[in-house]
Amino acid sequence: MNGKKKDGRQRPHFVAENNVEMPKDTKKNLDQSSKQIFLMNTDTICLVLAGLFTHLVFFYSIFDIYFTSPLVHGMTPHVSPLKPAANRLVLFSADGLRADKFFGLDENGQSRAPFLRDIIHTHGAWGVSHTRVPTESRPGHVALIAGFYEDVSAVAKGWKENPVEFDSVFNQSRNTWSWGSPDILPMFAKGASGDHVFTEMYTSDEEDFAASHASDLDTWVFDKVKAFFEGAKSDRDLYEKLQKDKIVFFLHLLGIDTNGHSHKPHSEVYLKNIELVDTGIKEMVKLFDDFYDRDGKTTYIMSSDHGMTNWGSHGAGNPHETLTPVVAWGAGIRGPQESSNQDIYPDSYSQEWKLQDIKRTDLNQILDRKLKFLVKISVFETTRGTLPLSFLNSSDFEKAESIFANAQQILEQYQVKMDQKKSTTLSVAFRPFSKLLPSIQKDRIRNIRNLISSGQYQLAITESQTLIELGLEGLNYYHGYDRFFLGLSIVSGFVGWMIYTLTLVVRDHSGLVNVMTKLEKLSQPIWLQEKPIKLVFAIVGLAVIVLLTVQSLPLTNYMYCLIPVVLWMFVALRNWLEILGQTNQIRPKLTTPCPMLTTPCPMLTNPCPMLMTRSFEKTVVMGFFKRELLSVGLIMIAVWPLITAKNIWKDKVTAAAPVVGSYIFDILGCKSVDRHRQFNIIQVIVIGLATNNVWTVSSSIARSQGLPFINRLTSYVILVFSMISPFLGGTSVTHRLFTITLALFPPYLLLSISYEDLFFVTLTAVLYFWMKLEINLNDKKVSLEDCDFVASSKNQQHRSINTEDIRRAFYYIFFILVAFFGTGNIASINSFEPASVYCFVTKFDPFMMGSLMMLKNVLPFVLVSCVFHAIHVLTAIPTKALFLIVLIMSDFMALNFFFLVRDYGSWLEIGTSISHYVIVMCMIIFLMVLFVLSHALTTVSVLPRIKHSKE
């Protein structure tokens, strides 16, 4: 054939460098080219770093604006002057317990918790506790014990340390004894003043999701409490401590949560664990009553930090996650009351649970106010809770005095918060909360005192509750006082960055704009010249610094305000003046056809491509709310080639499957096998080994034998091998992409539990067809089999961008989102399925489990980015221009979600709006990392490279 293909094009063949001598100058040039490809040029690196820093600041801003700590310190504690109802409090926290599984009856009409069911009917009060997102153990227990909803950002700051200083029931008690998990107890003991909070915990190794009896964790707690009281009988000092007042006992029961993760809440194991907890609580109540001679001074409360979905996860706002049971009885707690028409809730839960005849009292998760009232603990300064009067067995006078003390404590926090904000705001610009001015506070407090003195207790209670609501509203007002100003700065920065990058693309890569000479710049009016512009922005920046310094605002505010100033200065200096000055020269040149239509569409004079891209972006944005729209996008992408004006099927894209099949047979030995083909065979063997490992681990866990050491070792060996294997193959496009695919599949397989593997395979096929499609659409025809990442990039000629490049950038973003939402996302890390990591770890380890789940979500990203880099090489798109186009599109999406962020409505709506912004910003930042990573994965090779030579 003389080195030529049937179509007449020259086809080079591959020759190993160690077999054929390469001229020194050629080898030197190739190595320099490879190094340049990996590191890219200096301008691109600077642009990536600048974009990374800017977007990191934008990303962090959302936490600074919405998730700063709401707590204030320095208030005077208030306590009700009344005699306490109880000397001691026993708090049971059944981690992961769903309300419906606890209150509901089994198929025989019997309760799964007969003892507590009897308490509801004969001794105590019951209701549903409504938690807030994130439905995790840490914020749930902080709400129960410390009296406020912890910042969402605090979840990421540590499981066992206090991210913010807060007071708690434990800290204000005389003594607290607690038993349970090492992930919960230390965060309350560490922050306590003195040495009066005692903990006894099992080890983290005992929190094994693959264990056959996770309920043993609860049995361990009950046994330790029994041993504790048995030891107190012979320990005089301990016995004397236990006889004093203001004592708290906390039993954290983790077995239900662990079994829910492992076996799901509908399983027999989960339901049996509820029965075990009920029996254990019955034994504990008898133990306490016997030890204290049934003195009637003990209060019991049973609740949960969060629920759990049907598939065994928690973290989001599903009702199964946010609805938890609460049962209270003992000293100071009212007995069961008959339900009235006023007590009917809009849901049908009471009827489903056969409890419609007994008064139900729902409450927010914050129970600290009730706990403090019952044992006469000072109202600690960080509480945001409201006393649940309907649970208490108290007179109207006692309720009025207690709720008034509650209101005074909230007002103390309000006053401190207002003083703090006033001290950091210019006096002429300060806007006080109009509903609760100092004069209004005094009048309301005086009125409540008069009402209590005159015996109008119900009216005093109503006025106190209104005052609490105003105080909390005022706290939220001052907490979000600077949000509009900071939000305006971030929006200005976003717009400045997008205009800067857009003008860079048009100026440097459109081929339509000529850079102005120095003489042309000097001929501009003085207000358009470089020095005056710098002077103006320098004055603006100095004014911003002075204003921020005078108000003693934090350092982050300087970045939020100065970054827009710098960005707009660069826009004014280097881009828009040059483009604006050449507008008349640009218009006659704009005749680029629009590939999305059958008729020519100029790039700027006709807005069709941009409008279509924006409409696609809107579809993608809506896809965050309705995932089905992503399927519509895939259908549109599939149909578009059929209706395009270009005859892209002349090279038979549909023949791709046989090509892939022949390539697989090739590597398996049906044809001549070279060194790289042999390496691919090893990768296929590794996939088989991973498959066997998943099956073995699943069988072992099903038999309740845990994770065998050999399987864990095999999983980590496969993971390490997969991470380095892409760098051991050749750099031809087909072979390197095939090597990367085979390298990413084994770890994805090990982290999958269901259909995810099919998604990865399907995504690979779709990306291959996309690459073939782009090759056929490209005006300059290339052969995929002949292309090499290094050699093709070396010989790549500079060209201007066109509307097809905009489509390619959009496809890239779209496939990134498809990969992200395909089988999991950030929520699947927070609200995860432990079975996904069983091949690596079964014992509770938040950092390791979160890292493995993050890796699983990242792997499809890497595959999409590598295919996109191949398209970039095959179509000769300017690297910098492509990067900028992707950034502009992503920033448009981020700005959409920034405007959709809300701090009102349900907590599910608030959390969802913020998570969408965080997801897009993480995607933008990660795309910058992938931009560099894809270059490394496709161009770096540890083994000797393959060179192209003609026969």
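The values are calculated or read from the model by the stated rules, or taken from the named source; none is laboratory data. On a predicted model such as this, the values are computed, not experimentally measured, just so you know. Every residue, glycine as well, gets a Cβ built from its backbone with ideal geometry; the counts of neighbours run over all protein chains shown. In case anyone asks, the SASA skips ligands and DNA or RNA and just uses the protein heavy atoms, side chains included. Shrake-Rupley method; radii C 1.70, N 1.55, O 1.52, S 1.80 Å.
Side notes on the structure shown:
- Residue in region 263-274 that is over 22 Å from MET201 (Cα atoms), among the acidic types (Asp, Glu) and over 33 Å from the mean Cα position of the chain (by Cα) present: no
- Just so you know, in region 286-311 the residues that are open to solvent by 10 Å² or more (accessible area, probe 1.4 Å) and closer than 29 Å to ALA835 by Cα include one that is modelled with the highest pLDDT, and it is ASN310.
- One residue stands out among those in region 842-858 that are touching a residue at least 40 places away in the same chain (Cβ under 8 Å) and buried (at least 20 other Cβ atoms within 10 Å of the Cβ): the one that is farthest from the chain's Cα centre (by Cα), which is THR842.
- Count of region 223-275 residues which are buried (at least 18 other Cβ atoms within 10 Å of the Cβ) and of a type in the set (Asp, Glu): 1
- For region 451-461, the set of residues classified as more than 17 Å from LEU411 (Cβ to Cβ) and without any contact (Cβ under 8 Å) to a residue 60 or more places away in the chain consists of SER453, SER454, GLY455, GLN456, LEU459, listed by residue number.
- When ASP903 is tested against the conditions (1) modelled with pLDDT of 80 or more; (2) open to solvent by 20 Å² or more (accessible area, probe 1.4 Å), the lone failure is (1).
- Complete set of residues in region 82-117 that are under 27 Å from THR322 (Cβ atoms), of a type in the set (D, E, K, R) and open to solvent by 10 Å² or more (accessible area, probe 1.4 Å): ASP100, LYS101, ASP106, GLU107, ARG112, ARG117
- GLY471 being in the same structural domain as ALA572 (by the TED database) and surrounded by 15 or more Cβ atoms within 10 Å (Cβ to Cβ): no
- Candidates ASP235, ASP245, filtered to the one that is more than 46 Å from the chain's Cα centre (by Cα) and either modelled with pLDDT of 95 or more or in the same structural domain as LEU271 (by the TED database) (or both): ASP235
- Candidates GLU240, GLU283 - the one that is in the same structural domain as GLN172 (by the TED database), at pLDDT below 95 and more than 24 Å from GLY140 (Cα to Cα): GLU240
- Any hit, region 426-434, residues being in a helix (DSSP H, G or I) and either under 15 Å from GLY480 (Cα atoms) or not acidic (Asp, Glu) (or both): yes
- Among the residues making up region 317-335, a single one is in contact with a helix residue (DSSP H, G or I) (Cβ under 6 Å, 6 or more places away or on another chain) and open to solvent by 20 Å² or more (accessible area, probe 1.4 Å): LEU323.
- Selection of first residues in region 422-444 that are more than 25 Å from ALA407 (Cα to Cα) and of second residues that are open to solvent by 50 Å² or more (accessible area, probe 1.4 Å) and not in a helix (DSSP H, G or I), restricted to Cβ pairs under 7 Å at least 6 apart or on distinct chains, gives the following pairs, ordered by first then second residue: THR424/SER552.
- Every residue from region 336-364 that is open to solvent by less than 40 Å² (accessible area, probe 1.4 Å) and either acidic (Asp, Glu) or out of contact with any helix residue (DSSP H, G or I) (no Cβ under 7 Å at 6 or more places or on another chain) (or both): SER339, ASP343, SER350, ASP362, LEU363
- Subset of region 688-715 that is within 19 Å of ASP205 (Cα to Cα) and assigned to a helix (DSSP H, G or I) - its residue that is modelled with the lowest pLDDT: ILE701
- Among the residues examined, VAL864 does not qualify as crowded, with 22+ Cβ neighbours inside 10 Å, within 23 Å of VAL932 (Cα to Cα) and modelled with pLDDT under 80.
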